[in-house]
Amino acid sequence: MRYIEPHAHMVSRVTDDYERMAIAGCEAVCEPAFWAGFDRSSPAGFYDYFCQLTEHEPRRAARFGLRHFCWLCINPKESEDVKLAGEVIALIPKFLNRPNVLGIGEIGLNKNSRNELKVLEMQVDLAARHNQLILVHTPHLEDKLKGTRLILDVLKADKRIRPERVIIDHVEEHTVGLVLDAGHWAGMTLYPETKCTPARAVDILETYGNERLWLNSACDWGVSDPLAVPKTALEMKKRGHPAAAIDEVVFRNPKKFLGQCAKFKI
Ligand SMILES: [Zn+2]
């Protein structure tokens, strides 16, 4: 089996995880910029993180034959301070030409606050000005539906944004239809027990079809599973999905979306 892990926070994972992913058939891993589990105190903290994502982490992955790509932004959990966000956003353009940078992400909303929305608009503008792909985080709280609607409105209001160049991640049963109807791609994040389990993800695929959908583990410093994508491929196999359909969801779909950035070559 071959697969792409399109959303994993490898800076938080041990080296053994890279080896296990490579053995399971992973051909590339993509790392959106996100919260580190604590708030950074200054733009310099983000500068160092962007260096880690574009210099150090690709070298660590390469030791296991894995290509490493990343996305850059200030994440929604640290977007409450609009002044700090503006300073971090100003750092990003000088990193955009680095060879493993795919676009702007994961931007989005966490608590659906006014300041988060303002920073989301600033980063959609950044992506539009630099013709970048966008990866969006949707809230995990009970207001996922409200947050998803707000995000879709921001994207629709910016006429420079082409829907097929945006992936909305962490969709669930009640948001996936909205995202696909707006012309975007949708990401299903797999969690070991809570939220979207492998079984629920395959239920969603059986309801909505395989087009413009991908699977990711979003593994980070919390309880998560870096092998969640191949485990879900196994769930598809057990339910009788043909090998070509599994390959479409776990390999060809992410390759198609990410391939819209010329730097994504595997
Ligand atoms: Zn993430």
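The values are calculated or read from the model by the stated rules, or taken from the named source; none is laboratory data. No experiment lies behind these values; they were computed from the predicted model shown. Please note: Cβ atoms are built from the backbone with ideal geometry, for glycine as well, and neighbour counts cover all protein chains shown.
Of the residues that sit in region 72-94 and are within 18 Å of GLY37 (Cβ to Cβ) and touching a strand residue (DSSP E or B) at 6+ places or on another chain (Cβ under 7 Å), which one is surrounded by the fewest Cβ atoms within 10 Å (Cβ to Cβ)? Quick ask: steps written out before the conclusion?
Step one: filter region 72-94 for residues within 18 Å of GLY37 (Cβ to Cβ), giving 73-81, 84, 88.
If we keep only those that are touching a strand residue (DSSP E or B) at 6+ places or on another chain (Cβ under 7 Å) as well, we get 73, 75-76.
Details: CYS73: 33, ASN75: 22, PRO76: 30.
The selected residue is ASN75.
So for region 37-52 (the condition being within 16 Å of the ligand (Cβ to nearest atom), in contact (Cβ under 8 Å) with a residue 60 or more places away in the chain and in contact with a Ser or Thr (Cβ under 8 Å, 6 or more places away or on another chain)), does at least one residue qualify?
Yes - at least one qualifying residue is present in region 37-52.
Kindly provide the set of residues from region 157-173 that are free of Cβ contacts under 8 Å to residues at least 60 places away in the same chain, of a type in the set (D, E, K, R) and out of contact with any helix residue (DSSP H, G or I) (no Cβ under 8 Å at 6 or more places or on another chain), ordered by number.
LYS159, ARG162
Could you say which residue among ASN131, ASN112, ASN97 is among the polar types (S, T, N, Q) and surrounded by 14 or more Cβ atoms within 10 Å (Cβ to Cβ)? Can you show your working first?
Details: ASN131 fails: surrounded by 14 or more Cβ atoms within 10 Å (Cβ to Cβ); ASN97 fails: surrounded by 14 or more Cβ atoms within 10 Å (Cβ to Cβ).
ASN112 is the lone residue from the list that is among the polar types (S, T, N, Q) and surrounded by 14 or more Cβ atoms within 10 Å (Cβ to Cβ).
Within region 235-256, how many residues turn out to be among the aliphatic types (A, V, I, L, M) and either under 22 Å from HIS68 (Cα atoms) or without any contact (Cβ under 8 Å) to a residue 24 or more places away in the chain (or both)? Even if it seems obvious, please write down each step before you answer.
Going through region 235-256, the residues among the aliphatic types (A, V, I, L, M) turn out to be 236, 243-246, 249-250.
When the remaining residues are screened for being either under 22 Å from HIS68 (Cα atoms) or without any contact (Cβ under 8 Å) to a residue 24 or more places away in the chain (or both), the result is 243-244, 249-250.
Residues in region 235-256 being among the aliphatic types (A, V, I, L, M) and either under 22 Å from HIS68 (Cα atoms) or without any contact (Cβ under 8 Å) to a residue 24 or more places away in the chain (or both): 4 in total.
Quick check on this structure: which one of ALA218, ALA199, ALA228 is of a type in the set (A, V, I, L, M), under 15 Å from the mean Cα position of the chain (by Cα) and at pLDDT below 95?
Result: ALA218 is the single residue among ALA218, ALA199, ALA228 that is of a type in the set (A, V, I, L, M), under 15 Å from the mean Cα position of the chain (by Cα) and at pLDDT below 95.
Name the residues in region 181-201 that are closer than 28 Å to GLY222 by Cβ, aliphatic (A, V, I, L, M) and surrounded by fewer than 21 Cβ atoms within 10 Å (Cβ to Cβ), would you?
Filtering region 181-201 for residues closer than 28 Å to GLY222 by Cβ gives 184-201.
Those still in the list that are aliphatic (A, V, I, L, M) too: 186, 188, 190, 199, 201.
If the condition is that a residue be closer than 28 Å to GLY222 by Cβ, aliphatic (A, V, I, L, M) and surrounded by fewer than 21 Cβ atoms within 10 Å (Cβ to Cβ), then ALA199 is the only one that fits.
Quick check: anything in region 60-70 within 16 Å of the ligand (Cβ to nearest atom) and closer than 23 Å to PRO139 by Cα?
Narrowing region 60-70 to residues within 16 Å of the ligand (Cβ to nearest atom): 68-70.
When the remaining residues are screened for being closer than 23 Å to PRO139 by Cα, the result is 70.
Yes: region 60-70 contains one or more residues that are within 16 Å of the ligand (Cβ to nearest atom) and closer than 23 Å to PRO139 by Cα.
Which of (1) over 15 Å from the mean Cα position of the chain (by Cα); (2) free of Cβ contacts under 8 Å to residues at least 12 places away in the same chain does GLY259 not meet, given it meets every other one?
Here GLY259 meets the rest and fails (1).
Filter region 1-21 down to residues that are hydrophobic (A, V, I, L, M, F, W, C) and closer than 13 Å to ARG67 by Cβ and give me whichever is nearest to the ligand (Cβ to nearest atom).
Start the filter on region 1-21 by keeping residues that are hydrophobic (A, V, I, L, M, F, W, C), which leaves 1, 4, 8, 10-11, 14, 21.
Then drop every residue that is not closer than 13 Å to ARG67 by Cβ, which leaves 4, 8, 10, 21.
On the way: ILE4: 15, ALA8: 8, MET10: 11, MET21: 16 Å.
Checked region 1-21; the qualifying residue nearest to the ligand (Cβ to nearest atom) is ALA8.
Against the condition under 23 Å from GLY187 (Cα atoms) and either free of Cβ contacts under 8 Å to residues at least 60 places away in the same chain or of a type outside the set (Asp, Glu) (or both), how does GLY65 come out, does it pass? Spell out how you get there, then give the answer.
Details: under 23 Å from GLY187 (Cα atoms): no; either free of Cβ contacts under 8 Å to residues at least 60 places away in the same chain or of a type outside the set (Asp, Glu) (or both): yes.
No.
Quick test for you: out of ALA28, ALA24, pick the one residue that is in contact (Cβ under 8 Å) with a residue 60 or more places away in the chain, more than 16 Å from the ligand (Cβ to nearest atom), farther than 23 Å from GLU80 by Cβ and in contact with an Asp or Glu (Cβ under 9 Å, 6 or more places away or on another chain). Give the derivation first.
On the way: ALA24 fails: in contact with an Asp or Glu (Cβ under 9 Å, 6 or more places away or on another chain).
Just a single option satisfies the conditions, and that option is ALA28.
Does region 235-248 hold any residues that are in a loop (DSSP other than H, G, I, E, B) and surrounded by 17 or more Cβ atoms within 10 Å (Cβ to Cβ), and which are they? Walk me through how you get there before you give the answer.
Of the residues in region 235-248, the ones in a loop (DSSP other than H, G, I, E, B) are 239-242.
Listed by number, the list holds a single entry, HIS241.
Find the residue count for region 90-114, including only residues that are away from the ligand (no atom under 15 Å from the Cβ) and either closer than 22 Å to HIS9 by Cβ or small (Gly, Ala, Ser) (or both). Spell out how you get there, then give the answer.
Initial filter on region 90-114 (away from the ligand (no atom under 15 Å from the Cβ)): 90-101, 111-114.
Those left that are additionally either closer than 22 Å to HIS9 by Cβ or small (Gly, Ala, Ser) (or both): 90-92, 95-96, 98-101, 111, 113.
Final tally of qualifying residues: 11.
Kindly provide the set of residues from region 115-140 that are within 16 Å of the ligand (Cβ to nearest atom) and either within 21 Å of VAL101 (Cα to Cα) or not β-branched (Val, Ile, Thr) (or both), ordered by number.
Start the filter on region 115-140 by keeping residues that are within 16 Å of the ligand (Cβ to nearest atom), which leaves 116, 120, 123, 133-140.
The answer is GLU116, LEU120, GLN123, LEU133, ILE134, LEU135, VAL136, HIS137, PRO139, HIS140.
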